[in-house]
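Novice: Please find one structure pasted underneath; my questions will follow.
The values are calculated or read from the model by the stated rules, or taken from the named source; none is laboratory data. Bear in mind that the values here come from a model prediction, so they are computed numbers and not experimental data. Every residue, glycine as well, gets a Cβ built from its backbone with ideal geometry; the counts of neighbours run over all protein chains shown. Heads up: the accessible areas ignore ligands, DNA and RNA and are worked out on the full protein's heavy atoms, side chains in. Shrake-Rupley method; radii C 1.70, N 1.55, O 1.52, S 1.80 Å.
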Amino acid sequence: MPAIKVIKPGFQSTIQDSGRFGYSHYGISISGAADNVALRIGNLIAGNDENVAAIEMTLTGGEFLFEDDAIISITGANFQPMIESSQVAMWSTIKIKAGHILSFKNSPDNARCYICINGGFNVPLVMESASTHLLTSMGGLKGRAIIKGDFIQYHKKNIDNKTYISLKKEILDKLYPQRELFVTIGPQSNYFSDETINLFSKSTFTVREDSNRMGLRLSGPKLERIIEEDIITEGVSLGAIQISHDAQPIILFVEHQTTGGYPKIANIISADLHRVGQLKPRDEIKFSFVSIDEANKLRKEIEALISSDSFVRI
Amino acid sequence: MNDNPVLKFASDRSILIKIGNDISVETHSKVVSVFNLISNSGIVGIQSIHPAYNSILVSFNPVLKSSDAIFNELNSLLSSTIDFTHVQYRTIEIPVCYQDEYAPDLADVARYNSLTADEVIYHHTKQNYIVYFLGFSPGFPYLGGMPKEIATPRLQTPRLKVPEGSVAIGGDQTGIYPVASPGGWRIIGRTPLKLFSPEKNPPALLQMGDRIKFLEITKEQFKKEQSCRQ
């Protein structure tokens, strides 16, 4: 089976697919790509089903030697990809030749960049998913981030008659709109006064350095609760925004602990979860409340963009 | 008091079902009944069902079915009369070595409660615990029923790494760490059993509703059992 060799892994690179669903009652969160939209689009461009496993790089990209010819795509944050000494296009089908090196730098703006490969990476499935869950050393490549010297195998397909496509520029702008993050009201909004909920939706919050795939810690104005005691521990949703005892918000993300006892003021809408995966430390964000109906409408708009109509042949 | 579960959206892809207002065996039995009812309902679009003390979080795939449709289906399922009486459970023995390097905080728990180490072990092993649910991290059981005689506050500073299998006390709760993880509970022993095995189906040794009993073993027995499982 052909493989790519890891020359440099980058800051934190893991194998991720669309996630490990249906195991929350065992205490297992979904994991999966932090920017699911970039993963899905990347797979379509590389000629795969949407949910095939890819390499997710964080903040700084790596260097990879291809031992065989391959068709790939690079999506998500622009980590300035190069093949040998030539720049290559993001969001487009690319052919890389045997013996060539794909390298990246870091990103000027967003946090995560994906490499999808025609045929898909070959890692054993754990509970039906290839996704790496770092905290518990589960899934992906031996349950860990990739390291120098790793060989990552992929399934060889006949690549000669692959159609080369590229995502239309205007679609990219629609997938990553420049606006505040939309949220629906959380299940414990009664823990906060109307003034505090107002403060939450009017203020700017900064992403802290100690944010990761488990959760994004934010700093901003204090969001004091009006009920002192914690809630009885319950299951938490992906994208829930809980307020801990320091009166600061945490966005629970793809590797979150499955239960919690802190009140949740809001929840990121499905249509914006992939944008959370692109946040970096020190980024400034704002929230805006929408209804469940509005959230559904926005999600349908995003889903409609993940289709063959969004690409042009190149 | 209305006994029927109450539903509300927790997000645009999840519904929180509240079942009672307390942590009790009675509420737990209802949670198990509702969990089984939803698990067997065959409602299309449900992705996961996470029970807790007095709630169940149902997550769904909004692409497969609209959130309103899922809400209405769950609501009508749970408005019917629910049979809370036929909850079956297993009883499982968990061997624990309460000695030396496996029990770094046993002496502190004893001192805090003005007991000897043997008395702490006696209280910890004397009764059955109920597995209310699994959650937090993979395979972690939320246990109920610890005697208040051995309740001890959490550590001031959590350990960066609690070894897999550690049995610990945090406040008036006791628990077992299925995988090595950070943790602030007081470690009083360790079990050689593997509580979480991702390659197995199901991946967790324990399940919601199990009754467990801790059984004291020696260091030699611990090592023997641990080598057996390799």
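Novice: Defining a contact as two alpha carbons under 8 Å apart and six or more residues distant in sequence, what relative contact order in percent does the range B:91-229 show?
Specialist: The value is 34 percent.
Novice: Checking an interface number: how much accessible area is buried between A and B, summed over both chains, with a 1.4 Å probe, in Å² rounded to 100?
Specialist: 3100
Novice: Show B:101, A:128 ordered by accessible area, largest first, where the area counts protein heavy atoms only and the probe is 1.4 Å. Let's see the in-between values first.
Specialist: Values: B:101 100, A:128 140 Å².
Heavy-atom accessible area, descending, gives A:128, B:101.
Novice: List the residues of the range B:169-218 whose accessible area drops by at least 40 Å² when all protein chains are present, compared with their chain alone, using a 1.4 Å probe and counting only protein heavy atoms.
Specialist: B:198, B:203
Novice: In addition: Counting only protein heavy atoms, what percent of the accessible surface of the protein assembly as shown is carbon or sulfur at a 1.4 Å probe?
Specialist: About 50 percent, which is the carbon plus sulfur part of the accessible surface.
Novice: Partner chain Cβ atoms within 10 Å, averaged over the residues of A:120-129 - can you pull that number for me?
Specialist: Neighbouring Cβ atoms belonging to other protein chains average 1 per residue here.
Novice: Return the long-range amide H neighbours of residue B:181 (sequence gap of 5 or more, or a different chain), with a cut-off of under 5 Å between placed amide H atoms.
Specialist: Sorted by chain and number, the residues that satisfy this are B:162.
Novice: Give the value in nm², to one decimal: projected area of the alpha carbon convex hull of the range B:126-230, averaged over all directions.
Specialist: 6.9
Novice: Same structure again: I need the per residue convex hull volume for the range A:22-169, using only the alpha carbons, in cubic angstrom as a whole number.
Specialist: So the per-residue hull volume is 118 Å³.
Novice: Relative to the longest principal Cα axis of chain A, at what angle does helix A:292-305 sit, 0 to 90 degrees, rounded to 10?
Specialist: So the inclination is approximately 10 degrees.
Novice: So what does the Cα-only Debye profile of the range A:180-222 read at q = 0.20 Å⁻¹, as log10 I(q)/I(0), no solvent term?
Specialist: Values returned for q = 0.20 Å⁻¹ are -0.79.
Novice: Please give, to one decimal in nm, the separation of the simple spin-label points placed at residue B:83 and residue A:308, each 7 Å out from Cα toward the Cβ.
Specialist: 5.0
Novice: Right, next: Modelling each spin label as a point 7 Å along the Cα-to-Cβ direction, I'd like the residue A:144/residue B:4 distance in nm, to one decimal.
Specialist: Label-label distance for residue A:144 and residue B:4, simple model: 5.5 nm.
Novice: Check residue B:208: other-chain or 5+ apart residues with amide H under 5 Å from its amide H, H built from backbone geometry?
Specialist: B:134
Novice: Mind listing P(r) for chain A? All alpha-carbon pairs, 20 Å bins, whole percents.
Specialist: Taking all Cα pairs of chain A, the binned fractions are 33, 55, 12, 0 percent.
Novice: Turning to a different aspect of this structure: What do you reckon, how do A:125, B:193, B:74 stack up by accessible area (1.4 Å probe), largest on top?
Specialist: A:125, B:193, B:74
Novice: Right, next: Using a 1.4 angstrom probe on the protein heavy atoms only, line up B:81, B:91 by accessible area, largest first. Let's see the in-between values first.
Specialist: Numbers: B:81 140, B:91 95 Å².
Of B:81, B:91, the descending order of accessible area is B:81, B:91.
Novice: Let me ask another. Through the Karplus equation 6.51 cos²θ - 1.76 cosθ + 1.60, θ set to phi - 60°, convert the phi angles of the range B:130-145 into ³J(HN,Hα) values in whole Hz; use x for Gly and Pro.
Specialist: 9, 7, 5, 5, 9, x, 6, 10, x, x, 6, x, 7, 9, x, x
Novice: Hey, another quick one. I want to check the label-to-label distance for residue A:203 and residue A:283. Put each point 7 Å from Cα in the C-beta direction and report it in nm to one decimal.
Specialist: For the pair residue A:203/residue A:283, the computed spacing is 2.0 nm.
Novice: Leaving out ligands and nucleic acids, and using a 1.4 Å probe, what accessible area per residue does the protein assembly as shown come to in Å²?
Specialist: 42
Novice: Let me ask another. Please express the shape of the range B:44-142 as an equivalent ellipsoid: the semi-axes are the square roots of 5 times the eigenvalues of the C-alpha gyration tensor, given largest first in whole angstrom.
Specialist: Working: eigenvalues 363, 56, 26 Å².
Over the Cα atoms of the range B:44-142, the semi-axes work out to 43, 17, 11 Å.
Novice: Count, for each residue of B:51-64, the Cβ atoms from other chains sitting within 10 Å of its Cβ, then give me the mean as a whole number. Don't skip to the answer; put the middle values down first.
Specialist: Working: counts 5, 11, 4, 4, 7, 3, 10, 2, 7, 0, 2, 8, 4, 0.
Averaged over the peptide's residues, the number is 5.
Novice: From the phi of every residue in the range A:123-134, what ³J(HN,Hα) in whole Hz does the Karplus formula 6.51 cos²θ - 1.76 cosθ + 1.60 yield, where θ is phi - 60° and glycine or proline is x?
Specialist: So the Karplus estimates, Gly and Pro as x, are 10, x, 7, 10, 6, 6, 9, 8, 5, 7, 10, 5 Hz.
Novice: If contacts are Cα pairs under 8 angstrom and at least 6 residues apart, what is the relative contact order of the range A:117-216 in percent?
Specialist: 19
Novice: Once you have all Cα-Cα distances for the range B:6-79, histogram them in 10 Å bins from zero and send the whole-percent values.
Specialist: The calculated distribution, bin by bin, is 21, 56, 21, 2.
Novice: How large is the convex hull of the C-alpha atoms of chain B per residue, in Å³?
Specialist: 146
Novice: Could you give each residue of the range A:77-88 its phi-based ³J(HN,Hα) in whole Hz, using Karplus coefficients 6.51, -1.76, 1.60 with θ = phi - 60°, and x for Gly or Pro?
Specialist: Once rounded to whole Hz, the list reads 5, 7, 8, 6, x, 9, 10, 6, 10, 10, 5, 10.
Novice: What is the ratio of the Cα radius of gyration of the protein assembly as shown to 2.2 N^0.38 Å, where N is its residue count, to two decimals?
Specialist: Compactness ratio reported: 1.02.
Novice: Sticking with this structure for a sec: Can you tell me the 0 to 90 degree angle between the C-alpha axis of helix B:219-229 and the longest principal axis of chain B, rounded to 10?
Specialist: Here the helix axis deviates by roughly 40 degrees.
Novice: Still on this structure, I have one more. At a probe radius of 1.4 Å, what is the per-residue accessible area of residue A:274, in Å² to the nearest 10?
Specialist: 10
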